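J.: Below you'll find the structure I mean.
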Amino acid sequence: MADDNTNAAAYWKANVRTILGCLVVWAFVSYGCAILFRPLLAGIPIGGTDLGFWFAQQGSILTFIALIFFYAWKMNRLDAKYSLGE
């Protein structure tokens, strides 16, 4: 029973760490690159516009979609590691 509790605690700790990592990346891209660092990124052209505008319009959305796939992949690995797979 104690081993199950330890296993569950380790699983949730890894899960929360993954979620926090994804949130940090999302916040950096959405707020950092698109809003806070936009003046610094204004001189870098990409797709006919500057990089800051690109992050505000498409980059943050594409990053969010990539984070969804990363989270699903990472959780499948964690499920397999802790024998919780489907």
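J.: Using only helices, what value at 222 nm comes out for the chain when you add -39,500 (n - 2.57) per DSSP H run of length 4 or more and divide by the total residues, to the nearest 500 deg cm²/dmol?
T.: Counting only the DSSP helices, I get -21000 deg cm²/dmol.
J.: Treating the angle as unsigned and between 0 and 90°, give the value, to the nearest 10°, between the Cα long axis of helix 60-81 and the longest Cα principal axis of the chain.
T.: That helix lies at roughly 20 degrees to the long axis.
J.: Follow-up. Report the equivalent ellipsoid semi-axes for the chain in whole Å, largest first, defined as the square roots of five times the eigenvalues of the gyration tensor built from alpha carbon atoms.
T.: Square roots of five times the eigenvalues give 37, 13, 6 Å.
J.: May I pose another question? Any chance you could give the angle, 0 to 90 degrees and rounded to 10, that helix 2-27 forms with the longest Cα principal axis of the chain?
T.: Result, in degrees: 0.
J.: Another question about this same structure. Gain in length, Ile35 to Leu67, computed as 0.36 nm per residue apart minus the alpha-carbon separation, to one decimal in nm?
T.: Here the segment from Ile35 to Leu67 would lengthen by 9.6 nm.
J.: Of the residues Ala27, Ala56, Ala66, which exhibits the maximal mean-square fluctuation in a Gaussian network model of the chain defined by a 10 Å Cα contact cut-off?
T.: Of the options given, Ala66 has the highest mean-square fluctuation.
The numbers here are math on the coordinates, done by the rules we state, and not lab data. This is a predicted model, so every value here is computed, not measured.
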